[in-house]
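Participant: Take this structure, written in structure tokens, and hold onto it; I'll ask about it next.
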């Protein structure tokens with residue numbers, strides 16, 4: 001099995017894990033257990049090659065490089081989410097953690113077209129009841145606000161859910177003004193976001209270079225570099 005370029009190899013290798021999502025990328029031992037005579041061919045051979053590449057890259061790449069590739073290219077929901085979380089911890093940025101989490105998330109899950117994007121229908125908290133004396137309606141006002149907050153969290157969760165492995169975020173996730181509560185300038189948020197994205201793309205580029213060297217060494221790249 002030869003791949004046209006390194007990106008093709010990485011994408012196919014990561015997709016192989018989704019195909020075998022019930023047990024991970026474990027197609028190789030399944031083939032051995034089947035005790036098939038002669039060489040395997042066709043789709044089985046291609047899938048086996050993809051799984052071997054997956055195993056090679058996972059074993060040889062550094063954790064940060066592996067997580068960068070998984071976060072960007074994987075369609076395995078669980079693996080992608082895990083790698084996104086791990087990247088948050090290694091991205092150098094002065095931005096608060098919440099902002100960094102959202103910036104990494106939307107980099108790994110780009111905004112979809114309007115035909116796919118889901119909007120969140122959120123409700124607004126009712127105006128607090130006016131008190132004639134201190135604390136008269138405090139508990140009711142607080143309960144109403146908490147109830148609205150729970151309803152909106154549920155609405156966002158529903159909007160972001162989708163059958164299968166694909167991750168679809170609610171449109172509100174792409175609004176940078178919701179990533180931080182300090183009320184800083186848009187220019188500051190744009191600078192933070194760009195720096196985080198640039199660093200992540202740099203990690204992906206480094207990972208692809210390393211992956212290319214590995215795959216060239218075992219002779220499975222037939223085309224040009226990425």
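Participant: How much length, in nm to one decimal, is gained on full extension between residue 138 and residue 194, taken as 0.36 nm per residue of separation minus their Cα-Cα distance? It would help to have the intermediate numbers written out before the result.
Facilitator: Values: separation 56, 0.36 × 56 = 20.16 nm, distance 4.26 nm.
Additional length available on full extension: 15.9 nm.
Participant: Taking 7 Å along the Cα-to-C-beta vector as the label spot, tell me the residue 146-residue 185 distance in nanometres, rounded to one decimal.
Facilitator: About 4.0 nm, to one decimal.
Participant: A further question follows. Just subtract the alpha-carbon distance of residue 4 and residue 62 from 0.36 nm times their residue separation and send over the number in nm, one decimal. List each step's numbers first, then the result.
Facilitator: Details: separation 58, 0.36 × 58 = 20.88 nm, distance 2.37 nm.
Roughly 18.5 nm would be gained on extension.
Values quoted throughout were computed directly from the atomic coordinates according to the rules given, and no laboratory measurement underlies them. Note that the structure is predicted; figures quoted are calculated from it, not measured. We place every Cβ from the backbone using ideal geometry, glycine too, and count neighbours over all the protein chains shown.
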